Amino acid sequence: MINLPENELTVAFSASETTVLSQPNFWRRAGRSLLHDPVALCSFAFILLLTVVAVFAPLIAPYDPLRQFSNGLSFVGAPVAPNGHFLLGTDASGRDVLSRLIFGARVSLLVGVVATGLASLIGVVIGTVAGYVGGVTESILMRFTDMVLSFPILLFCVALIAVTGPSTRNVVLVIAFAYWTYLARVVRGQVLSIKEREFVNAARTLGVGHIKIIRKHIIPHLIPTIIVYGTLGVATSILIEASLSFLGIGVPLPQASWGEMISEGQQYFQSAPWLLVAPGVALILTVLAFNLAGDWLTDLLDPAVQEMGS
Amino acid sequence: MPTDHVELALLNDAVVVVDNLSVAFPSRSGSGEVIRSISFSVKAGQRVGLVGESGSGKSLTARAIMQLIPAPGKISAGEIHVGDDLTLATVASAKKWRGTSVAMITQDPLSSLNPLVRIGVQICEMLRHHRNASRADARRRAVELLNAVGIPNPKRTMRQFPSVLSGGMRQRVALAIAISCNPRLLIADEPTTALDVTIQAQVLDLLEKMSQEHNSAVLLISHDLGVVANFCEEILVMYSGKIVESGPTQDILDGPLHPYTRALLTSVPSMTEELPARLSSIAGSPPAGGVDVVGCAFAPRCSLAQAICSEINPELRQLDDPFHDVACHAAGDALWPSVRSQ
Amino acid sequence: MSFTLQPGETLGIAGESGSGKSSVARALVQLTRPTGGTVSLGGAPVTNLKGQRLKRFRRRMQMVYQDPYDSLDPRMSVSDAIGEALSVRGLPKTEHAAQVAQLLERVKLPATIAQRHPNQLSGGQRQRVSIARALAVNPEIIICDEAVAALDVSIRAQVLNLLKDIQHDTGVGYLFISHDLSTLRFMADHVAIMYVGRIVEYGTSEEVFSNPQHPYTRALIAAVPSVTRRGERRLKLSGEPPDPGNPPSGCPFHPRCPEAVETCRTERPELLTIGDAQKVACHVVQWGREKTPKTEVTA
């Protein structure tokens with residue numbers, strides 16, 4: 001995964017050293033790359049929009065997401081289709097779908113970001129220790145990682161929630177506990193190769209301590225990986241959260257979440273398709289945006305490309 | 001005008017003519033020229049060395065001849081003619097002569113050999129493709145070739161993968177593939193740089209023997225003046241994308257005219273002569289490739305630089321010797337001490 | 001194998017790939033643990049040190065690496081890289097800037113370079129920064145593991161001169177590991193020639209280069225392409241160095257040796273003194289070349 005672009009770049013590098021020497025600083029490079037990539041630009045714009053919406057949900061949402069409107073149900077008790085009053089219609093309980101969608105974004109982002117942050121922390125610590133220390137420590141840590149990894153994530157979550165009971169906090173913990181394994185494995189692999197590099201040897205021969213070597217020479221080289229996996233992790237976490245909520249073991253009712261909305265909407269798919277379409281589209285767009293942003297970051301922060309800048 | 005060159009070169013029995021070649025990697029900051037208008041030719045059976053430091057454009061010259069310049073680089077001016085009939089080299093025509101009348105070996109054959117394909121298959125494929133040999137003929141010829149390049153057990157080697165061979169053996173295999181179609185010109189780009197000295201000597205001997213047996217001309221590209229001096233009849237010295245001196249090996253070694261050539265000769269510690277306490281070195285470092293240079297690119301590092309050197313780019317010119325060219329304003333002046341008198 | 005290095009002196013170690021010359025360097029600075037034997041510095045053994053004592057020892061022996069593109073952390077500026085070494089020495093941060101400037105001056109780099117990152121430096125400049133970093137802890141010995149091999153000739157000469165100047169000024173000892181004999185001839189006071197993990201010839205630079213005794217040394221010297229020795233009939237070696245993990249019996253060089261006799265196949269020669277300081281591990285040389293019966297090895 002890393003080797004190929006490195007080879008390509010070597011050619012350009014040997015051809016003219018200036019292309020590397022005159023490389024503008026990181027943020028300018030990032031900005032320029034973003035402007036030339038409309039897909040990535042849209043993804044980031046969408047993520048930004050979503051964040052603003054989630055943070056300012058109470059100000060933006062037209063109604064209280066839990067309020068059951070008396071005019072939110074038709075006279076036969078069916079959901080009301082989108083109209084001037086309820087932009088995305090109402091659900092079976094007469095609640096405003098748009099407002100629920102907006103508050104649902106809060107849950108999704110919160111769970112996605114916190115769970116991924118926690119997972120990254122665990123993954124980086126375990127991966128770095130395993131890779132750097134090696135030996136028996138590595139074997140124990142990595143076998144444990146493999147064990148967790150070999151559980152089917154969703155089933156694993158279901159089982160854990162069944163024991164701990166549904167709550168937003170438990171959803172976060174469960175997702176974090178399932179997702180850290182991916183990062184731990186990748187980080188371990190990277191640490192294994194970084195610690196063999198000459199500058200790490202040079203620091204060791206100088207007599208720099210292990211903790212300092214990890215902090216100053218190893219972790220900085222992991223940051224691109226962490227960012228990329230973090231971004232992709234947010235997408236995965238949002239999906240897992242939606243799946244759990246769909247199954248009724250995610251964020252507890254009556255709090256709005258996209259998974260729960262989809263679950264409810266599918267019962268009315270024939271008569272009130274907006275109940276399924278609205279949260280479905282929101283979920284797809286969000287996951288897509290995070291994945292595309294992650295891809296773009298991979299290209300930008302690819303360690304091989306980064307090192308070539310060196 | 002180029003056709004005149006070619007006609008003249010045909011009479012001279014040349015197998016490659018490089019005429020005013022420029023190669024550029026265009027960028028925002030400038031024209032990005034990394035090879036600046038170089039011309040030379042190699043005659044049939046002749047061994048010519050192209051010497052220069054990293055970034056001098058020597059390897060890129062080889063790639064330009066092979067029409068293998070990595071994007072976004074391109075030939076921005078000039079022409080290259082190759083083969084006995086001196087056909088104009090283009091990306092399209094390269095399919096006809098690349099690998100047959102012009103072949104190349106590189107520093108690390110591991111990158112030019114497919115790591116997942118057995119060596120025998122790779123050689124046979126080449127022979128069958130270019131020479132329409134039958135399967136059995138190709139196999140027989142492959143064993144012959146491996147034998148000829150001094151591989152101890154050709155039949156076993158045919159069944160092996162490139163990664164199990166040592167660097168020297170891999171270079172022998174690459175050479176076997178390169179000569180399999182009797183090329184008129186063999187470009188050897190740093191063929192021994194990755195090898196130990198004793199193995200280097202073996203490979204250079206082999207290269208010489210092969211070129212003589214097949215009457216192939218060799219363009220040897222190297223950073224090591226010692227290697228070139230022992231192998232080549234003529235030397236071209238490159239600096240920052242230009243040929244700064246060219247001539248017969250003997251002349252260049254005995255009476256280098258360009259200050260850069262002279263510095264190259266004296267900055268390598270001798271194996272036989274009395275050693276100075278300090279090596280003579282060239283201050284500074286070569287300019288980065290692709291930066292537009294006014295005047296002589298070597299001027300900032302040159303102890304003999306005058307005002308004119310940073311203004312006017314010196315052209316390659318003859319002094320007394322009609323075969324020995326130099327691109328230096330100061331060369332030939334009274335200022336210029338002979339290297340031997342040192 | 002064993003050797004000694006006097007203060008302020010340069011010991012050159014030459015050999016082809018697989019001769020184990022880089023393993024020697026790594027074992028000396030204890031990046032890898034030697035399987036046997038001891039290393040002593042200033043009379044005190046320094047093998048198998050741990051913890052604080054290992055850290056203290058490491059300051060006394062520094063290393064400059066071959067690859068200028070990998071021996072500096074691409075994410076650290078020059079002043080941070082040298083500053084790290086100064087911190088190890090226990091110098092307070094407030095004095096770093098002045099020391100960094102002084103060290104850069106010693107390796108003849110402009111002070112303005114301190115804020116740059118390695119990607120903004122040329123190979124030669126990087127190698128100078130590596131040297132400055134090694135000097136920052138005031139070592140007694142600097143191991144140069146192919147330290148100039150990746151540099152262009154004109155830059156290489158600058159760095160070699162610099163290393164000599166530093167030795168002259170500070171009295172630091174060098175262990176200079178190189179495959180390039182002409183560089184060793186210029187740098188080293190004593191030279192050890194290695195073949196498959198053993199020293200086959202040792203002596204002063206003068207002795208080894210002008211009067212090589214071991215057939216391998218002779219072939220190695222003859223194989224160096226030189227502009228001053230063109231067209232000479234050269235002694236050429238056939239074959240390739242053996243797999244270091246599975247060396248031949250007897251003298252490891254015998255399958256390639258033009259002078260090998262029957263004994264060479266079975267008995268490994270010891271490294272014995274033959275001249276003032278010159279030592280050779282070769283039966284034929286030890287017996288005297290004239291006295292050796294001319295029997296070809298039946299290989």
task: Please go through the stretch B:230-253 and pick out each residue that is open to solvent by 10 Å² or more (accessible area, probe 1.4 Å), touching a residue at least 60 places away in the same chain (Cβ under 8 Å) and out of contact with any Ser or Thr (no Cβ under 9 Å at 6 or more places or on another chain).
output: B:S246, B:P248, B:D251
message: Show the residue pairs meeting these rules: Cβ distance below 7 Å; 6+ apart or different chains; first residue within the stretch B:33-58 and within 14 Å of chain C (Cβ to nearest Cβ); second residue charged (D, E, K, R) and crowded, with 24+ Cβ neighbours inside 10 Å.
response: B:G52/B:K58
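Could you please find all residues in the stretch C:156-178 being open to solvent by 10 Å² or more (accessible area, probe 1.4 Å) and in a helix (DSSP H, G or I)?
Going residue by residue through the stretch C:156-178, those that are open to solvent by 10 Å² or more (accessible area, probe 1.4 Å) are C:156, C:158, C:164-165, C:167-171.
Those that are open to solvent by 10 Å² or more (accessible area, probe 1.4 Å) and in a helix (DSSP H, G or I): C:R156, C:Q158, C:K164, C:D165, C:Q167, C:H168, C:D169, C:T170.
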query: Would it be correct to say that B:L110 is part of a helix (DSSP H, G or I), under 20 Å from the mean Cα position of the chain (by Cα), surrounded by fewer than 23 Cβ atoms within 10 Å (Cβ to Cβ) and not basic (K, R)?
result: yes
- request: Determine if the stretch C:97-107 includes at least one residue that is more than 21 Å from B:S285 (Cβ to Cβ), part of a loop (DSSP other than H, G, I, E, B) and without any contact (Cβ under 8 Å) to a residue 24 or more places away in the chain.
  value: no
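Conditions (1) more than 10 Å from chain B (Cβ to nearest Cβ); (2) modelled with pLDDT of 90 or more, marked per residue:
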residue	(1), (2)
C:V107	yes, yes
C:H117	yes, no
C:S130	yes, yes
C:N161	no, yes
C:S178	yes, yes
C:L184	no, yes
query: Within the stretch A:161-220, which residues are open to solvent by 40 Å² or more (accessible area, probe 1.4 Å) and not in a helix (DSSP H, G or I)?
result: A:P166, A:K195, A:E196, A:R197
task: Scan the stretch B:128-146 and give yes if some residue there is under 27 Å from the mean Cα position of the chain (by Cα) and not in a helix (DSSP H, G or I), otherwise no.
output: no
task: Those residues that are open to solvent by 50 Å² or more (accessible area, probe 1.4 Å) and under 22 Å from B:G247 (Cα atoms), I need them from the stretch B:296-318; list them, please.
output: B:N313, B:E315, B:L316, B:R317, B:Q318
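Would you mind stating whether C:G90 is more than 14 Å from chain A (Cβ to nearest Cβ), out of contact with any helix residue (DSSP H, G or I) (no Cβ under 6 Å at 6 or more places or on another chain) and modelled with pLDDT under 90? If you could, list the steps in order and put the result at the bottom.
Working: more than 14 Å from chain A (Cβ to nearest Cβ): no; out of contact with any helix residue (DSSP H, G or I) (no Cβ under 6 Å at 6 or more places or on another chain): yes; modelled with pLDDT under 90: yes.
Here the answer is no, as C:G90 does not meet what is asked.
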query: Checking C:Y65 against (1) modelled with pLDDT under 80; (2) open to solvent by less than 20 Å² (accessible area, probe 1.4 Å); (3) under 16 Å from C:I141 (Cα atoms); (4) not small (G, A, S), which test does it fail?
result: (1)
message: Taking the conditions exactly as written (under 16 Å from the mean Cα position of the chain (by Cα), open to solvent by 40 Å² or more (accessible area, probe 1.4 Å) and under 21 Å from B:T193 (Cα atoms)), does B:S54 satisfy them or not?
response: yes
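Do we have B:V218 as under 19 Å from the mean Cα position of the chain (by Cα), within 11 Å of chain C (Cβ to nearest Cβ) and open to solvent by less than 10 Å² (accessible area, probe 1.4 Å) here?
Details: under 19 Å from the mean Cα position of the chain (by Cα): yes; within 11 Å of chain C (Cβ to nearest Cβ): no; open to solvent by less than 10 Å² (accessible area, probe 1.4 Å): yes.
No, not satisfied.
Among residues belonging to the stretch C:241-255 that are open to solvent by 50 Å² or more (accessible area, probe 1.4 Å) and under 25 Å from the mean Cα position of the chain (by Cα), point out the one that is nearest to the other protein chains (Cβ to nearest Cβ). It would help to see each step written out before you state the result.
Filtering the stretch C:241-255 down to residues open to solvent by 50 Å² or more (accessible area, probe 1.4 Å) leaves C:243-247, C:249, C:255.
Retained after the next criterion (residues that are under 25 Å from the mean Cα position of the chain (by Cα)): C:243-247.
Details: C:D243: 9, C:P244: 12, C:G245: 14, C:N246: 14, C:P247: 15 Å.
Among them, the one singled out is C:D243.
The values are calculated or read from the model by the stated rules, or taken from the named source; none is laboratory data. Bear in mind that the values here come from a model prediction, so they are computed numbers and not experimental data. Every residue, glycine among them, receives a Cβ derived from its backbone with ideal geometry; neighbour counts consider all protein chains shown. Side chains are part of the model used for accessible areas, which takes the heavy atoms of the whole protein and leaves out ligands, DNA and RNA. Shrake-Rupley method; radii C 1.70, N 1.55, O 1.52, S 1.80 Å.
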